[in-house]
Amino acid sequence: MGSGAVPLDPRSGDLSGSSSRALAEVLSRPRLEVLPFDGIEEEVRANLATDARVTVTASPRKGLEATLALSERLARAGYTAVPHLSARLVRDRAHLEEVLVRLRDAGVRELFVPAGDATAAAGEFAGAAELLEAMGPLRADFDEVGITGYPESHHLISDPDTIRAMFEKEPMATCIVSQICFDAGTIRAWIEAVRERGTSLPIWIGLPGVVNSRKLMRISMKIGLGRSARFLGHNRGWVPRLLTRQFKPDRLVRELAPVVEDPQAGVAGFHLYTFNEVARTERWRRHAVEQLRG
């Protein structure tokens, strides 16, 4: 197995029967994130069953239209499509209403609402809370509305600001999706802190899928995952593997078994960041579920 991965095999003795069952359950409800690039629709349709949740990112470079168009096509093909409605890419309330009606009419019933990566807002929405509030009654047309969680400090936003933002957004959301983190201890501590602050929304834990390790390290540094990148670099045996192999999330998933089992943690499942490595990530997921179910 690449990048220090340990097979998710309950026969190894490292996982209890309840841990294996809990992990198999969450991994059997796939939520995979893709980038709206050329060829990704074909990749999804060739490798994912239509019971998959497919979230579609949005970026300043591609614009919101690429996200909306791909989400519409996937929804009409039978997938649960979850577009990222980045607040800083929405011009104004009229544009927001147009987007929401368009998605609703295409059969989209779930959204993920981040602030977005744009340095400057395209219009009146600087953050997710403002956009969620502006959705008004149209928010009721969507069964699930996700917001972002940060197990590690955000590279552009202070910890007090991220905590305050979560309190503002919580009444208007149905779940939290966490940013990637490579350290199970950090993820557990963050979930405990979220619950101690009184936030009870279900949490999807963000994990990398099966991704080229160099690409993953490059992206991690770009989006500010400093502590996670250092965690990988400082652990014996990681560096040479990261330079030459794929990352697989087996070890991280195993280490997260206690928090997945804990009903107080309120873990909804794993959110797999595929970076468009859909086929490899899906093969890994299916194999993991088979192993865990024995």
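Taking first residues from segment 113-125 that are at positive phi and touching a residue at least 24 places away in the same chain (Cβ under 8 Å) and partners that are in a loop (DSSP other than H, G, I, E, B) and surrounded by fewer than 18 Cβ atoms within 10 Å (Cβ to Cβ), the Cβ contacts under 9 Å between residues at least 6 apart in sequence or on separate chains come to 116/59; 116/60. Tell me yes or no: at least one residue of segment 55-71 is modelled with pLDDT of 95 or more, within 30 Å of residue 293 (Cα to Cα), part of a helix (DSSP H, G or I) and in contact with a Ser or Thr (Cβ under 9 Å, 6 or more places away or on another chain). No, that holds for no residue. The condition of being surrounded by 15 or more Cβ atoms within 10 Å (Cβ to Cβ), touching a Pro at 6+ places or on another chain (Cβ under 7 Å) and of a type in the set (A, V, I, L, M, F, W, C) holds for only one of 138, 111, that being 111.
In segment 5-29, which residue that is at pLDDT below 85 and in contact with a Lys or Arg (Cβ under 6 Å, 6 or more places away or on another chain) is surrounded by the most Cβ atoms within 10 Å (Cβ to Cβ)? Result: 5.
Across segment 125-156, which residue is modelled with the lowest pLDDT among those that are in a loop (DSSP other than H, G, I, E, B) and under 20 Å from residue 205 (Cα atoms)? Among those residues, the one meeting the criterion is 155.
Number of residues in segment 53-66 that are over 17 Å from residue 147 (Cα atoms) and not aliphatic (A, V, I, L, M) equals 5. Among the residues making up segment 167-191, those that are touching a helix residue (DSSP H, G or I) at 6+ places or on another chain (Cβ under 9 Å), assigned to a helix (DSSP H, G or I) and charged (D, E, K, R) are 168, 169, 188.
The values are calculated or read from the model by the stated rules, or taken from the named source; none is laboratory data. For clarity, every value in this text was computed on a predicted model and none was experimentally measured. We place every Cβ from the backbone using ideal geometry, glycine too, and count neighbours over all the protein chains shown.
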